[in-house]
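S.K.: Below you'll find the structure I mean.
The values are calculated or read from the model by the stated rules, or taken from the named source; none is laboratory data. Quantities reported herein were computed from a predicted structural model and do not represent experimental measurements. Positions of Cβ are backbone-derived with ideal geometry, glycine not excepted, and every protein chain shown enters the neighbour counts.
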Amino acid sequence: MKIVIKVTSRFRDPEITSRFAQAVGSLFQDGHNIIIVHSTHEERGSDESARNGHGIKMPQYAFEEIGEENRNLVAALTCFGIPAVGICGGIGGICTVRKTFSTGDSSPVEPGETNAHWLEIICKNRGVPVISNLVLASWGTYYLVDCDKLAASCAGGWSADALIYLTSVEGVRNLDGATARWLEINDIEVLRNQGQITQGMLVKLQACRKALTSGVGRVRILPIAHVDSLPLFFRARIDVGTEVIML
């Protein structure tokens, strides 16, 4: 199976990092092809463009920090025998960006299409791409793009069987406040109109919808506290998180 996993790069708990690497290693040993898309902008906090799923133009001084986060995640995976290959979304034209509206040089952008050529080559040679959400636009500017949207673009462009979002929350809350085990994409707007979901979760759910309509087989929001469930994804029922479905 072809699986895209979206994570926040800075695992603050070494135990969680270790459990994540072990879970990915188990999937890898089972013969699955895996792409990991990791975010950096969640830790950068309050920028309105980030919260609304738009890209952030990156200052030069931030590149080294982003590269270090990518290398640290690659190192953690390598320790568990996973041949991880760290790249940014701009390498080789893998990921593109497009402007959402024109406001000059600081125009917000969002992920465009994904060219899966290089991703497929890495995976076919039993490597695991670890992609940061730093993407180079065609006009020569680097942006940090919304990672949820980037993961959906990668999953759709790669024709993935599954897209899994590892999150710090338990899943999507339904109208009675309980975690919804299943969420049909047409119900996203209902929850939005009822004020049941945050702006950040709305962006994630919109990315889930894009992935499903692009042909991705399954999309799951999975709490990172239950990362050990990852190897069971195709083999057993998982009773945590929210599966987003399209009827």
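S.K.: Is it fair to say E110 is part of a strand (DSSP E or B) and out of contact with any Cys (no Cβ under 8 Å at 6 or more places or on another chain)?
M.R.: Numbers: part of a strand (DSSP E or B): yes; out of contact with any Cys (no Cβ under 8 Å at 6 or more places or on another chain): yes.
Here the answer is yes, as E110 does meet what is asked.
S.K.: Let me ask you something else. Of all residues being assigned to a helix (DSSP H, G or I) and in contact (Cβ under 8 Å) with a residue 40 or more places away in the chain in the range 153-187, which is surrounded by the fewest Cβ atoms within 10 Å (Cβ to Cβ)? Just the residue, please. Steps first, answer last, please.
M.R.: Step one: filter the range 153-187 for residues assigned to a helix (DSSP H, G or I), giving 153-157, 185-187.
Checking the rest, the ones that are also in contact (Cβ under 8 Å) with a residue 40 or more places away in the chain come to 153-157, 185-186.
Details: S153: 29, C154: 27, A155: 33, G156: 22, G157: 22, I185: 19, N186: 10.
Selected residue: N186.
S.K.: Any chance you could count how many residues in the range 155-181 are farther than 23 Å from G112 by Cβ and out of contact with any Ser or Thr (no Cβ under 7 Å at 6 or more places or on another chain)?
M.R.: Residues of the range 155-181 that are farther than 23 Å from G112 by Cβ, as a first pass: 166-181.
Then drop every residue that is not out of contact with any Ser or Thr (no Cβ under 7 Å at 6 or more places or on another chain), which leaves 166-169, 174-178.
Adding up the residues that qualify gives 9.
S.K.: Quick one: in the range 204-245, of everything that is outside any helix (DSSP H, G or I) and among the acidic types (D, E), which residue is modelled with the lowest pLDDT?
M.R.: First, pick out the residues of the range 204-245 that are outside any helix (DSSP H, G or I): 214-223, 233-245.
Okay, now just the ones that are also among the acidic types (D, E), so 239, 243.
Numbers: D239: 91, E243: 96.
This residue is D239.
S.K.: Of all residues being within 20 Å of the chain's Cα centre (by Cα) and more than 22 Å from H226 (Cβ to Cβ) in the range 188-202, which is surrounded by the fewest Cβ atoms within 10 Å (Cβ to Cβ)? Just the residue, please.
M.R.: Within the range 188-202, the first condition is being within 20 Å of the chain's Cα centre (by Cα), and the residues that meet it are 188, 197-202.
Okay, now just the ones that are also more than 22 Å from H226 (Cβ to Cβ), so 188, 199, 202.
Working: I188: 19, Q199: 12, L202: 18.
Out of the qualifying residues, it is Q199.
S.K.: Which of the residues spanning the range 158-172 are farther than 16 Å from V130 by Cα, of a type in the set (G, A, S) and over 12 Å from the mean Cα position of the chain (by Cα)?
M.R.: Initially, the range 158-172 is screened for residues farther than 16 Å from V130 by Cα, giving 159, 161-162, 167-172.
Narrowing further to those that are of a type in the set (G, A, S): 159, 162, 168, 171.
Matches in the range 158-172: S159, S168, G171.
S.K.: Right, next: Is it true that some residue in the range 234-244 is surrounded by fewer than 18 Cβ atoms within 10 Å (Cβ to Cβ), free of Cβ contacts under 8 Å to residues at least 60 places away in the same chain and in contact with a strand residue (DSSP E or B) (Cβ under 9 Å, 6 or more places away or on another chain)?
M.R.: So far as the range 234-244 goes, yes, one or more of its residues are surrounded by fewer than 18 Cβ atoms within 10 Å (Cβ to Cβ), free of Cβ contacts under 8 Å to residues at least 60 places away in the same chain and in contact with a strand residue (DSSP E or B) (Cβ under 9 Å, 6 or more places away or on another chain).
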